[in-house]
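Asks: Sharing a structure here in structure tokens format.
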Amino acid sequence: MFAERQSVTSRRMLLGGLAAAMSLAVCGIASAGSIRLLTLVRRATGEVGREVPFWRDGAPDQHALAELNWLMRDVGAGQVRPIDVRVYLLLAVLQAEVGGRPS
């Protein structure tokens, strides 16, 4: 029981640390005067958003966010919902870390 509790605590600490690191990375990527691009591929439909400039001059680009939200829509229900721009910033950080190309 003690080992199980210690394992849960370790995972929580790891996840907390990762969340803090990603938060700092998102703050850095959202700096003023920058353009942030994101490429998304929706394999099921064959749709691609290549290097969508969703962040310009320190603020989100609403037209680009609409394009990304369309790609991330619920295809089955036919619904498009707004996604928090921080999710896209996080995806841009991750995409840059793995070489900038979706596989």
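The values are calculated or read from the model by the stated rules, or taken from the named source; none is laboratory data. All values derive from a computational prediction rather than experimental measurement. Backbone-built Cβ (ideal geometry, glycine too); neighbour counts: all protein chains shown.
Asks: Might you check whether a residue that is surrounded by 15 or more Cβ atoms within 10 Å (Cβ to Cβ), β-branched (Val, Ile, Thr) and either assigned to a loop (DSSP other than H, G, I, E, B) or modelled with pLDDT of 60 or more (or both) occurs anywhere in the stretch 13-33?
Replies: Looking for residues that are surrounded by 15 or more Cβ atoms within 10 Å (Cβ to Cβ), β-branched (Val, Ile, Thr) and either assigned to a loop (DSSP other than H, G, I, E, B) or modelled with pLDDT of 60 or more (or both), one finds none in the stretch 13-33, hence no.
Asks: Name the single residue, out of those in the stretch 48-86 being aliphatic (A, V, I, L, M) and assigned to a strand (DSSP E or B), that is surrounded by the fewest Cβ atoms within 10 Å (Cβ to Cβ).
Replies: Restricting to residues being aliphatic (A, V, I, L, M) and assigned to a strand (DSSP E or B), the top hit is Ala59.
Asks: Mind checking which pairs have a first residue in the stretch 45-56 that is farther than 12 Å from Trp70 by Cβ and a second that is among the basic types (Lys, Arg) and crowded, with 18+ Cβ neighbours inside 10 Å, Cβ under 6 Å, 6 or more apart or different chains?
Replies: Qualifying pairs under 6 Å: Trp55/Arg36.
Asks: Return yes or no: is Glu97 over 11 Å from the mean Cα position of the chain (by Cα) and modelled with pLDDT of 85 or more?
Replies: no
Asks: While we're on this one: Of (1) over 16 Å from Ser34 (Cα atoms); (2) touching an Asp or Glu at 6+ places or on another chain (Cβ under 6 Å), Pro82 satisfies all except one. Which?
Replies: Tallying (1) over 16 Å from Ser34 (Cα atoms); (2) touching an Asp or Glu at 6+ places or on another chain (Cβ under 6 Å), Pro82 fails exactly one: (2).
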